[in-house]
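S.K.: Before anything else, here's the structure in question.
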Amino acid sequence: MPNMSKYRRILRPILFSISPEAAHTLTVEACRVAGNLPFLPRVSKALLTFEAPELESNVAGLHFSNPIGLAAGWDKSGRAIRMLDHLGFGFAEIGSISARPSSGNPKPRLFRLKQDLAIVVNYGLPNEGVEVVAHRIADHASNFPIGVNIVKTNDGPDALACSGDEILADYERSVSMTHRHATYITLNLSCPNAKGGVDFFACPGSISSLLDCLSPLSIGCPVFLKVAPNPAPCILEHLIQQAEPYGFVKGLMFNLPPGKPPSLTLTTDRSRLEHMPGAVSGKPVETLINLCIRELYRRMPKGRFDIIGAGGVFTAEDAYKKILAGASLVQIYTALVYEGPGVVKRINRGLVDLLRRDGFSNIREAVGADAH
Ligand SMILES: Cc1cc2nc3c(=O)[nH]c(=O)nc-3n(C[C@H](O)[C@H](O)[C@H](O)COP(=O)(O)O)c2cc1C
């Protein structure tokens, strides 16, 4: 595992010696610069990619060369878009982006929980706004699947509360400007750290209102809904009921839970956590997200929706668990921070071994195999 050990031995100590947000900005900028160089992207792709026919699949009418994707929140404004298809991923999701630019929450707003293999995130959706990002996506000609994650603009803590119509109009503007350029769109309906959208989408029928509002756009790509992770049967059934009538909604996914709910397995001292506002990503959310995936898969009309699973995936075994529970695709974020980009290739290679061990000839056959 030369990539992993080099990252952990050399790069990670350097990145971990600066603030989490500075390290994040630095790596995105490094990728942006690298993506514009003549040879580096191709070298990177050759080093970081693992291909196998077992990993190829069609999901929501799209082709994926492997099931491991970059989760939303790493390249928030698509700055490194030219490099994303050279890191070994089968797809990447940029955003969350919003109708208007936002500077997000006050700093510090990102914290490492090293002993828990986790991050506390309180970014509050900083991004350059849909106009800038839509141009970036439109200018990037590539077959690599790029999802665009859309959220309501965070106008800051002092902004007046938005009406329901204003929230819908915000989403509508972003979707209308991106759906012709994106491979797929994710509607982020549950940002744990921003006021405005959270309460709105907890209200019964609010998702239907948004989908009604988007229907006249004749959206040209599949849409996924990213919701709060709540495994309660009535919540999942209401979600499915609301999404089902809209043919353009092809899939569902779960975001991080807000705050530090007791369902998270955290070993970091609670007194330390008090100084870290925000939601927890990485290992502590894995059990909750896997439960949500399994419960959702069991209730979904088969063949109607696909699930993208994200939360605490560090190894092939972790990714496989999500696939067996019902996820057709898997995303990672926190593992990149702790393990470096070599983790994508390791997961894909390991997945092929696990599929062969269990007698599956393709990843599609394994989706949901453990959910019943
Ligand atoms: C620093 C950070 C920023 C994130 N920003 C977003 C975001 O803007 N939109 C979104 O839908 N999810 C966001 N997420 C959630 C991730 O997309 C993903 O669902 C979550 O982190 C679980 O995956 P992981 O455990 O592999 O990190 C963010 C996560 C982190 C750690």
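S.K.: Mind checking the stretch 26-78 for chymotrypsin sites (Phe, Trp or Tyr not before Pro) that DSSP puts in a loop (not H, G, I, E or B) and that have at most 12 other Cβ atoms within 10 Å? Don't skip to the answer; put the middle values down first.
M.R.: Numbers: sites: 39, 50, 64, 74; in loops: 39, 50, 74.
Passing sites in the stretch 26-78 are 39.
S.K.: Assuming a ≥ b ≥ c are the square roots of the Cα gyration tensor eigenvalues, decide whether the stretch 1-60 counts as rounded (a/c under 1.5), prolate (otherwise, with a/b larger than b/c) or oblate. Display every interim value, and only then the final one.
M.R.: Details: a/c = 1.85, a/b = 1.61, b/c = 1.15.
It comes out prolate by the Cα gyration axes.
S.K.: Spelling out what I want: for every residue of the stretch 103-111, take phi, set θ = phi - 60°, compute 6.51 cos²θ - 1.76 cosθ + 1.60 (Karplus), and round to whole Hz; glycine and proline get x.
M.R.: With the stated coefficients, the stretch 103-111 comes to 8, x, 8, x, 8, x, 9, 8, 9 Hz.
S.K.: Which length gain, in nm to one decimal place, applies between residue 135 and residue 370 when the Cα-Cα distance is subtracted from 0.36 nm times their residue separation? Walk me through the numbers before you get to the answer.
M.R.: Details: separation 235, 0.36 × 235 = 84.60 nm, distance 4.20 nm.
Fully extending the segment from residue 135 to residue 370 adds 80.4 nm.
S.K.: How many Å³ per residue does the convex hull of the Cα positions in the chain occupy? Walk me through the numbers before you get to the answer.
M.R.: Numbers: hull volume 47.8 nm³, N = 372.
Convex hull volume per residue, Cα atoms: 128 Å³.
S.K.: Taking other Cβ within 10 Å of each residue's Cβ, how do 77, 102 sort, fewest first? Mind showing how you got there, number by number?
M.R.: Numbers: 77 20, 102 24.
Arranged by neighbour count, lowest to highest, 77, 102 become 77, 102.
S.K.: Which loop-located trypsin sites (Lys or Arg not before Pro) does the stretch 157-264 contain, where loop means any DSSP state but H, G, I, E or B and the Cβ has at most 15 other Cβ atoms within 10 Å?
M.R.: Details: sites: 173, 180, 195, 226, 250; in loops: 180, 195.
Those satisfying the criteria are 180.
S.K.: Still on this model: Among 253, 83, which comes first, second and so on when ranked by fewest other beta-carbon atoms within 10 Å? Before the final figure, lay out the partial values.
M.R.: Values: 253 28, 83 23.
Exposure proxy ranking, most exposed first: 83, 253.
S.K.: OK, next. Could you please report the charge total around residue 90, scoring K, R as +1 and D, E as -1 over all other residues with beta-carbon less than 11 angstrom from its beta-carbon?
M.R.: Working: positive: none; negative: 51, 56, 85.
My count for the surroundings of residue 90 gives -3.
S.K.: Between the stretch 85-144 and the stretch 238-270, what's the alpha-carbon centroid distance in Å?
M.R.: 18
S.K.: Each label point is 7 Å from the Cα along the Cα-to-Cβ direction; what then is the distance between the points at residue 45 and residue 166, in nm?
M.R.: If labels sit at residue 45 and residue 166, their model points lie 4.5 nm apart.
S.K.: With a 10 Å Cβ neighbour count serving as the proxy for reagent exposure, in which order, fewest first, do 155, 199 appear? Please report the intermediate quantities before stating the final value.
M.R.: Working: 155 17, 199 11.
Fewest-to-most Cβ neighbours within 10 Å comes out as 199, 155.
S.K.: Once you order the gyration tensor axes a ≥ b ≥ c over the Cα atoms, which shape class does the stretch 220-372 get: rounded for a/c under 1.5, otherwise prolate or oblate by comparing a/b with b/c? If you can, show how the numbers build up before the last one.
M.R.: Numbers: a/c = 1.86, a/b = 1.13, b/c = 1.64.
Oblate, since a/c reaches 1.5 and b/c is not below a/b.
S.K.: Next question, about the same structure. Using the basic label-point model (7 angstrom from Cα toward the beta carbon), what is the residue 275 to residue 361 distance in nanometres?
M.R.: Those two pseudo-labels are separated by 5.8 nm.
Here, each number is a calculation from the coordinates, and none is a lab measurement. Values in this document were obtained by computation on a predicted structure and should not be read as measured data. Neighbour counts run over all protein chains shown; Cβ positions are idealised from the backbone, glycine included.
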